[in-house]
Amino acid sequence: MIIDIVLGYAVGRGGLESVLTIVSQELRKLGHHVRLFFCIPPAYSEWEKNLPETYCIDIGHTKSFNGELEVIRYSLGYRKLMEVLGEPDVVIATHEPILSLICNLALCHLGNERPPIVSWLHGPPEAYPEPRLIRYSDSHLAISKSVAEKIKSYVNTEKTPIYYVGNPVEIEGVSRLNRSSENLELLYVGRLDNHQKRLDILFDALNKLSGKWRLKIIGEGQDKVALQNLAIKLGISQNISWLGWKENPWKEVRTASLLLLSSDYEGFGLVLVEALGRGIPVVSTKCEGPDEIIKEGVNGWLYPRGDSQALSKILQNIIDGKIVLPSEEVCIESVKSYSVNSVVRRMEKILLDII
């Protein structure tokens with residue numbers, strides 16, 4: 001089948017980009033023709049080299065989705081490209097709810113011959129502008145069960161199917177990470193965006209600890225300088241290593257005791273599965289996505305969002321030996337359902353059923 005994946009804007013570095021790369025490559029290996037359409041070109045064009053087939057819709061050279069004019073431009077741009085390339089069997093409107101509207105407008109002239117449109121959000125609908133616009137898709141792929149529940153509040157579930165697919169993570173054949181026998185080696189991998197990721201909560205928790213610990217931060221973002229200054233202010237900067245953005249962050253890590261995620265919200269929590277698949281337990285805020293991945297006391301721990309005291313207590317108990325870290329085998333076994341083969345096969349079956 002011909003599968004079009006249409007998205008607005010992706011930087012070219014991050015979890016969304018990793019998932020799009022994995023899914024498009026794997027669907028292609030299964031014999032499908034996969035085309036990706038960007039409304040706006042990614043900032044890091046190198047990412048496109050990893051994708052099977054890409055096109056840019058941006059005929060109007062706009063950098064926004066806010067307004068009727070931009071939506072019409074992108075819709076017409078996608079329609080014109082289809083006139084040249086041919087129509088797909090199914091369209092996946094991904095990343096933001098407004099892409100469902102853009103794809104619907106681009107295809108509406110086909111009437112009853114219009115291919116089905118499937119939304120594929122990478123976070124809860126309310127995390128994006130105009131979440132109600134996902135109604136312009138005929139069905140929906142949900143990356144987590146909690147996201148599926150959120151989608152239900154915006155669509156007519158009697159007419160619009162919602163399918164749970166999960167998120168594919170490359171955990172087959174990856175090397176296990178060693179654990180430090182001395183210090184508590186903590187790890188954070190992700191954007192330095194404090195609005196969502198709340199590293200200020202993490203730093204406040206670390207400031208309360210007694211004992212030896214170190215934190216490696218892999219990632220870049222607009223709040224890096226502010227967070228570095230906060231670490232200095234709290235007197236913990238000497239325990240933190242800022243490694244910057246890395247193409248493959250796991251190649252930069254030799255030892256780790258625990259991966260930390262302090263976000264106020266997550267659509268899924270890809271990095272949690274990546275860590276668990278390497279035998280490393282995790283601690284995260286109790287929010288949608290992580291609360292499905294983490295089994296309390298089995299492969300990690302959850303704490304209430306914004307509660308630095310609760311996070312600090314978990315970490316202190318680990319330092320003091322009151323909490324024993326789960327084995328590598330238990331961590332790895334807990335995330336096997338997120339393997340690339342499992343998720344992509346599930347997605348393929350859903351798309352074929354929809355067609």
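The values are calculated or read from the model by the stated rules, or taken from the named source; none is laboratory data. Since this is a predicted model, take the numbers as computed values, not measurements. Reconstructed Cβ throughout: ideal geometry from the backbone, glycine too, with neighbour counts over all protein chains shown. When the accessible area is computed, the model is the full protein with side chains, heavy atoms only, and any ligands, DNA or RNA have been set aside. Shrake-Rupley method; radii C 1.70, N 1.55, O 1.52, S 1.80 Å.
Which of the numbered conditions does Ile323 fail, given that it passes all the others? Conditions: (1) open to solvent by 30 Å² or more (accessible area, probe 1.4 Å); (2) in a helix (DSSP H, G or I); (3) in contact with a helix residue (DSSP H, G or I) (Cβ under 6 Å, 6 or more places away or on another chain). The single condition Ile323 does not satisfy is (2).
When region 126-141 is limited to residues that are of a type outside the set (Val, Ile, Thr) and surrounded by 22 or more Cβ atoms within 10 Å (Cβ to Cβ), the one that is farthest from Pro88 (Cα to Cα) turns out to be Leu133.
Applying a threshold of 7 Å to beta carbon distances and a minimum spacing of six or more residues, or different chains, the list of pairs starting in region 25-40 at a residue that is closer than 16 Å to Leu76 by Cα and modelled with pLDDT under 95 and ending at one that is part of a loop (DSSP other than H, G, I, E, B) and of a type outside the set (Gly, Ala, Ser) reads Phe38/Ile57; Cys39/Tyr9; Cys39/Ile57; Cys39/Asp58; Ile40/Tyr9; Ile40/Asp58; Ile40/Lys63.
A quick yes/no check of all residues on (1) β-branched (Val, Ile, Thr); (2) touching a Leu at 6+ places or on another chain (Cβ under 9 Å):
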site: Ile162; (1), (2): yes, yes
site: Gly173; (1), (2): no, no
site: Ser180; (1), (2): no, no
site: Leu184; (1), (2): no, yes
site: Lys212; (1), (2): no, yes
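Going by the conditions given, is Leu105 modelled with pLDDT of 95 or more, open to solvent by 60 Å² or more (accessible area, probe 1.4 Å), farther than 13 Å from Gly8 by Cα and not charged (D, E, K, R)? For Leu105, the condition - modelled with pLDDT of 95 or more, open to solvent by 60 Å² or more (accessible area, probe 1.4 Å), farther than 13 Å from Gly8 by Cα and not charged (D, E, K, R) - is met.
Scanning region 326-353 for residues that are in contact (Cβ under 8 Å) with a residue 60 or more places away in the chain, farther than 30 Å from Ile2 by Cβ and in a helix (DSSP H, G or I) turns up Glu328, Ile332, Lys336. On the basis of being on the phi < 0 side of the Ramachandran plot, buried (at least 23 other Cβ atoms within 10 Å of the Cβ) and at pLDDT below 95, does Leu121 make the cut? Criteria met by Leu121. Here the condition is being modelled with pLDDT under 95 and more than 19 Å from the chain's Cα centre (by Cα); of Lys233, Lys295, Lys216, it holds for Lys295 alone. Note on region 1-14: residues that are in contact with a helix residue (DSSP H, G or I) (Cβ under 8 Å, 6 or more places away or on another chain) and open to solvent by 50 Å² or more (accessible area, probe 1.4 Å) total 2. Within region 162-185, being in a loop (DSSP other than H, G, I, E, B) and under 17 Å from Glu328 (Cβ atoms) holds for Ile171, Glu172, Gly173, Val174, Ser175, Arg176, Leu177, Arg179, Ser180, Ser181. Looking at this structure, is Val335 open to solvent by less than 60 Å² (accessible area, probe 1.4 Å), under 30 Å from Arg214 (Cβ atoms) and within 22 Å of the chain's Cα centre (by Cα)? Against the criterion (open to solvent by less than 60 Å² (accessible area, probe 1.4 Å), under 30 Å from Arg214 (Cβ atoms) and within 22 Å of the chain's Cα centre (by Cα)), Val335 qualifies.
Here is a yes/no grid of residues against (1) surrounded by 15 or more Cβ atoms within 10 Å (Cβ to Cβ); (2) touching a His at 6+ places or on another chain (Cβ under 9 Å); (3) within 17 Å of Ile92 (Cβ to Cβ):
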residue: Leu16; (1), (2), (3): yes, yes, yes
residue: Ile22; (1), (2), (3): yes, no, yes
residue: Glu26; (1), (2), (3): yes, no, yes
residue: His32; (1), (2), (3): yes, no, yes
residue: Leu36; (1), (2), (3): yes, no, yes
residue: Pro41; (1), (2), (3): yes, no, no
residue: Lys49; (1), (2), (3): no, no, no
residue: Pro52; (1), (2), (3): yes, yes, yes
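Table: residues versus (1) out of contact with any Gly (no Cβ under 8 Å at 6 or more places or on another chain); (2) modelled with pLDDT of 95 or more; (3) within 27 Å of Ile350 (Cβ to Cβ).
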{"position": "Ser64", "(1), (2), (3)": "yes, no, no"}
{"position": "Glu68", "(1), (2), (3)": "yes, no, no"}
{"position": "Arg73", "(1), (2), (3)": "no, no, no"}
{"position": "Gly77", "(1), (2), (3)": "no, no, no"}
{"position": "Asp89", "(1), (2), (3)": "yes, yes, yes"}
{"position": "Glu96", "(1), (2), (3)": "no, no, yes"}
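Under 6 Å between Cβ atoms, at least 6 apart or on separate chains: pull out the pairs that start in region 11-24 with a residue that is of a type in the set (Lys, Arg) and end on any residue that is open to solvent by 10 Å² or more (accessible area, probe 1.4 Å). Pairs found: Arg13/Tyr44. If the condition is being among the polar types (S, T, N, Q) and more than 25 Å from the chain's Cα centre (by Cα), then region 191-213 contributes Asn207, Ser210.
Only one of the numbered conditions (1) touching a strand residue (DSSP E or B) at 6+ places or on another chain (Cβ under 8 Å); (2) modelled with pLDDT under 95; (3) open to solvent by 10 Å² or more (accessible area, probe 1.4 Å) is violated by Glu149, and that is (1).
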